[in-house]
Structure formats: structure tokens, C-alpha cells
Amino acid sequence: MSKFNVTHLHKPTALLVRVFALALLVSAFAMSANVAHGDSNNAYQISGSLASGGTFSGTVDFSYSSKTGQTTLIHSNFTMDGTSFSCNGLTGGNQCLVFDPFGTDYFQVLSGSTLVVLDWSAFNLAGTFPSTINFSGGYVVILGVKQLDTITGGTGSYVATPEPSAWFLLGAGLLGLIALSRRRPHFNSIA
């Protein structure tokens, strides 16, 4: 075989590899918008007001476990009338656990001696979460002092965040494609 024939045989294979790699890259970009936190189901940016004129804002992140049938708050941080609250899974006293009795859902979080209960109209916690949550009530209480402030309303808007490992894999694939496209084939003639 001549050198021309060996080179001619490698061109269709290289073209096929590049077309396949491009198809994978396009599909990765198309799917990246639908990828959320790897350890999360649904994150929401929340804000609202209290009867005293105070406000609340931050992020709550719902994680449903089909194994236990429970929904907990993870990677959640928010401020309610100047007091910071944080949740990263179920803690003692059912903190950071979402309760779903008929008609309304709620969670409770304790920070020091301040307890917050925030509720909203129920939706299927095991199914598709809505793009917006409307908070219908709740309260903030300082335990032992019996000081109470009610939550008059608020909203939570869905926040889509790409998973870090998905970005890492996409970057590694791009580097691989760059290396593949820069590689010059070494053809040896068969005499």
C-alpha cells in the first residue's frame, strides 16, 4: 500500500471521531441548564415581611429522600428580622425537617432561643416543585420570653445552579477535544 492509501484510510475515522465529539459537546451544553445541585433537589431564593415591619431573606434548599419519605432543608441560610438561621439536614428536635400535613407545608428552624416556623400552600414534595412558592404565614418567637412576631407573606423563587461536577466533566471533555484536534497523525508508509 502506498502512503496515500494509509492517509486516505485515516481521514474518515478522524472525521467520525470529531463529529461524535461535537455531538457529545452539544448535548452536554443542552443538558447543563437542567442540572441542579448534585446533593439537592430544589433551591429557592426567599424574601418576605413580618407584621412588625421586619423582613426575611436568604436561600432554602429542599432535599427529598425517597428512602425515608422525608424532605429536609440542606445548604439553607436565611436571615429573619436580623437573626441568622442555617440548615444542613435533619437535626435534633425535628429541626430543618419539612412537615406536610394536609393543606399546608411548613418547616421550623431554631437559632439560639429564636424559633422560626414558615408555612406555604402544600404541593407534592416527592414530585415536581413549583417555580414559585408563596408563603402564607408562620411566626418568629423568642423562647422563654414569649415575644411573638407573625410572618405576613413572602415568596420563594426557584434558583437553578449547575452542579460543580457537571462543569468539571464538561471542562475535561473540552480539554480532551482540544488535545484530540491538535494531535497530528503520524503516518508511516507501508512499502
Net charge of Cβ neighbours under 14 Å - reference Gly54; Lys, Arg +1; Asp, Glu -1: -2
Cys87, Cys96 arranged by Cβ crowding within 10 Å, fewest neighbours leading: Cys87, Cys96
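Counting other beta carbons within 10 Å of each Cβ, put Phe129, Phe123 in order, fewest first. Before the final figure, lay out the partial values.
On the way: Phe129 18, Phe123 12.
In increasing order of surrounding Cβ atoms, one gets Phe123, Phe129.
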Overall Cα dimensions of the stretch 42-159 - principal axes, largest extent first, Å: 39, 28, 26
Ascending count of other beta-carbon atoms within 10 Å, so fewest first, for Ser136, Ser86, Ser63: Ser86, Ser136, Ser63
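Lys and Arg at +1, Asp and Glu at -1: add these up for the other residues within a Cβ distance under 12 Å of Thr114 and post the number. Intermediate results must be reported in sequence, preceding the final value.
On the way: positive: none; negative: Asp81, Asp149.
Local charge sum for Thr114: -2.
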Theoretical gain in end-to-end length, Ala160 to His75 [0.36 nm per residue, Cα-Cα removed]: 29.2 nm
Simple label model, 7 Å out from Cα along Cβ direction - Ile178 to Ser57, nm: 3.8 nm
The stretch 42-159: relative contact order as a whole-number percent, Cα under 8 Å and 6+ apart: 25 percent
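Give, in nm to one decimal, the length gained when the segment between Val19 and Ser111 is fully stretched (0.36 nm per residue of separation minus the Cα-Cα distance). All intermediate terms of the calculation are to be shown ahead of the outcome.
On the way: separation 92, 0.36 × 92 = 33.12 nm, distance 5.52 nm.
So the extension gain works out to 27.6 nm.
Every number in this text was worked out from the coordinates using simple rules, so none of it is lab data. The model shown is predicted, which means the values in this text are computed figures rather than measured ones. Heads up, the Cβs are rebuilt from the backbone with ideal geometry, glycines too, and the neighbour counts pull from every protein chain shown.
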